[in-house]
1. Would you work out the charge dipole size for segment 22-102 about its Cα centre, treating the Cβ of every Lys and Arg as +1 and the Cβ of every Asp and Glu as -1, and quote it to the nearest 20 debye?
2. Apply the a/c threshold of 1.5 to the C-alpha gyration tensor of segment 22-102 and tell me whether it is rounded, prolate or oblate.
3. Length gain on complete extension for the stretch E2 to H79, per 0.36 nm per residue less the alpha carbon to alpha carbon distance?
4. What's the exposure ranking of E52, E2, E82, going from fewest to most Cβ atoms within 10 Å?
5. Among A84, V48, Q59, which residue has its Cα positioned farthest towards the positive end of the charge dipole of segment 1-90, with +1 placed on the Cβ of Lys and Arg, -1 on the Cβ of Asp and Glu, and the dipole taken about the Cα centre?
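Each reported figure results from applying straightforward, stated rules to the coordinates on display, with no laboratory input. These numbers were taken from a predicted model, which means no experiment stands behind them. Cβ atoms come from the backbone with ideal geometry, glycine included; neighbour counts cover every protein chain shown.
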Amino acid sequence: MEPDFRTRAVVVPLDPSSSQEQVLRSYCGSARFAYNWAINTVQENLNVKARECKDGVAQEDLTKFCWHPHKLTPLWNAHKDEVAPWHRYVHHARFSQWGHACGNRPEEL
């Protein structure tokens, strides 16, 4: 039997100043950019594995890739200067938000 509970939400209107709005947009955009980068990276790997399967590569020889945030983060850190040169102007925690969104995925694909 499922517990009897009700989910509620509170809407809090924001009235940021111009500079606060700029920071909010920067943080949200940075988190979204990193999330999209992670999703694209995972999708590219899935495409490689699909081609390998189609070409008859043995299961044990398929490309290994872990999409757990603790594995994707070092990969992001290695590529962020190239794909997001503006990352130095945004707090690094904004880029880790994608990990929460991608975190409930299988360890190895």
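1. On the way: 10 positive and 7 negative charges, 85 e Å.
The dipole magnitude comes to about 400 debye.
2. Numbers: a/c = 2.84, a/b = 2.81, b/c = 1.01.
Prolate.
3. On the way: separation 77, 0.36 × 77 = 27.72 nm, distance 4.47 nm.
Residue separation times 0.36 nm, minus the Cα-Cα distance, leaves 23.3 nm.
4. Working: E52 15, E2 4, E82 7.
Going from least to most buried by this count: E2, E82, E52.
5. So the residue furthest toward the plus end is A84.
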